[in-house]
Amino acid sequence: MKTVILIGANGKMGQAALTGLGKHRVITASRSGEGVDYKVDITDKNSIQELYKKVGSFNAVVNTVGVCEYAPFESMTSEQWDTTIQSKLVGQINLVSVGLQYIEDGGSFTLISGILNMKPIPFAIADATTSGAIDTFVKCVAHELPRGIRINVVNPTVLEEAWHVYGEMMPGFQPVPSVLVGKAFERSVDGFISGEVIFVDA
Ligand SMILES: NC(=O)c1ccc[n+]([C@@H]2O[C@H](COP(=O)([O-])OP(=O)(O)OC[C@H]3O[C@@H](n4cnc5c(N)ncnc54)[C@H](OP(=O)(O)O)[C@@H]3O)[C@@H](O)[C@H]2O)c1
């Protein structure tokens with residue numbers, strides 16, 4: 001059994017990840033702190049550090065947080081770009097850079113991206129751009145991680161459980177069940193792969 005920190009646990013993707021972590025001691029965290037073990041803001045390095053210090057020893061970090069702003073490219077404001085970049089890109093990178101000081105030998109990080117960098121749709125340029133950047137970050141930084149530490153990213157299509165929110169924006173897409181996406185998180189945490197983008201698409 002591993003100790004796994006799951007960030008964004010009450011979100012739709014967090015619940016999907018949870019289905020693949022049943023073997024483990026899962027410590028949950030999110031921005032509001034409601035219904036989870038710890039409060040954390042992934043856009044704040046100090047908050048990330050506090051979380052890791054409070055948890056103490058852990059073997060894996062699974063992040064399912066990445067707030068994205070949606071708008072047509074021509075009307076995207078600097079603030080909308082910044083919100084997305086600070087959460088989905090810089091926040092996730094900081095979870096790894098700060099986490100390296102605390103995670104056990106042989107531990108793993110699993111991040112979140114999303115299929116829109118491979119299959120673009122209108123309004124989603126910020127999500128697509130940061131998802132592509134996170135996929136690249138994971139593939140490349142894996143070569144630099146010390147102490148047998150691994151890193152992967154899950155790049156899923158839309159969840160069946162979120163189809164009522166995003167379905168209208170995504171004609172021609174086939175949603176996948178959360179439990180299938182949970183398997184991708186399980187493969188990252190319990191397998192030996194590193195530097196991989198684990199696509200879950202229908
Ligand atoms: N849903 C899908 O079908 C789908 C498919 C592919 C990719 N994705 C990607 O998965 C990610 C999560 O999507 P979702 O649908 O699960 O969103 P969601 O249901 O809105 O959940 C978001 C979660 O993130 C937490 N959160 C937000 N900002 C935070 C911060 N700064 N620090 C810590 N926690 C924070 C929220 O915590 P509180 O509730 O405490 O505020 C909540 O638990 C996004 O990047 C999205 O692009 C989603």
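The values are calculated or read from the model by the stated rules, or taken from the named source; none is laboratory data. Keep in mind the model is a prediction, meaning the values are calculated, not measured. Here the Cβ is made from the backbone with ideal geometry for all residues, glycine too, and neighbour counts use every protein chain on show. Note: areas computed on protein heavy atoms with side chains; ligands, DNA, RNA excluded. Shrake-Rupley method; radii C 1.70, N 1.55, O 1.52, S 1.80 Å.
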Return the long-range amide H neighbours of VAL200 (sequence gap of 5 or more, or a different chain), with a cut-off of under 5 Å between placed amide H atoms.
-> ASN155, THR157
So the FRET efficiency between ASN46 and SER75, C-beta based with R0 = 30 Å and rounded to 0.05, is 0.35
Reduced Cα scattering model of the chain, Debye log10 I(q)/I(0), q = 0.07, 0.09, 0.16, 0.17 Å⁻¹ | -0.18, -0.30, -1.00, -1.14
Treating only the Cβ atoms of Lys and Arg (+1) and Asp and Glu (-1) as charged, compute the dipole magnitude of the chain about its Cα centre; round to the nearest 20 debye.
-> 660
Going down the table (LYS54/LYS119; LYS39/LYS119; LYS2/LYS119; LYS88/LYS119; LYS119/LYS139; LYS12/LYS53), which pairs top 28 Å between alpha carbons?
-> LYS54/LYS119; LYS39/LYS119; LYS2/LYS119
Across the stretch 52-64, in residue order, what do the Karplus-derived ³J(HN,Hα) couplings come to in whole Hz, using 6.51 cos²θ - 1.76 cosθ + 1.60 with θ = phi - 60° and x for Gly and Pro?
-> 4, 4, 5, 5, x, 7, 8, 10, 8, 10, 10, 9, 10
Taking the Cα atoms only, what angle lies between the long axis of helix 178-190 and the longest principal axis of the chain, rounded to 10 degrees?
-> 40
Ordering 73-85, 185-197 by per-residue average of other C-beta atoms within 10 angstrom, highest first, gives 185-197, 73-85
Output ³J(HN,Hα) for the stretch 81-89: one whole-Hz value per residue in order, computed from phi by the Karplus curve 6.51 cos²θ - 1.76 cosθ + 1.60 with θ = phi - 60°, and x for Gly and Pro.
-> 4, 5, 4, 5, 5, 5, 8, 6, 9
Dipole of the chain (Lys/Arg Cβ +1, Asp/Glu Cβ -1, origin at the Cα centre): which of LEU100, GLY182, ALA17 lies farthest to the positive side?
-> LEU100
Rounded to a whole %, the carbon-and-sulfur portion of the accessible area of the chain at a 1.4 Å probe is 53
Could you provide, to the nearest whole Å², the per residue accessible area of the stretch 102-202 with probe 1.4 Å?
-> 45
GNM on the chain, Cα springs under 10 Å; top mean-square fluctuation among GLY11, GLY99, GLY132 goes to GLY11
Net charge contributed by nearby residues that have their C-beta within less than 10 Å of GLY20 (K/R +1, D/E -1) = +1
To the nearest 10 square angstrom, how much accessible area does LYS54 have with a 1.4 angstrom probe?
-> 120
Calculate the length of the line joining the C-alpha centroid of the stretch 79-104 to that of the stretch 10-61, in whole Å.
-> 14
Amide H contacts under 5 Å for TYR38, restricted to residues at least 5 apart in sequence or on another chain and with H modeled in the peptide plane, are THR28, ALA29, SER30
Using a 1.4 angstrom probe on the protein heavy atoms only, line up SER108, SER47 by accessible area, largest first.
-> SER47, SER108
Phi-derived 3J(HN,Hα) across the stretch 96-101 with the Karplus relation (6.51, -1.76, 1.60, θ = phi - 60°), rounded Hz, x for Gly and Pro, is 7, 5, 6, x, 4, 6
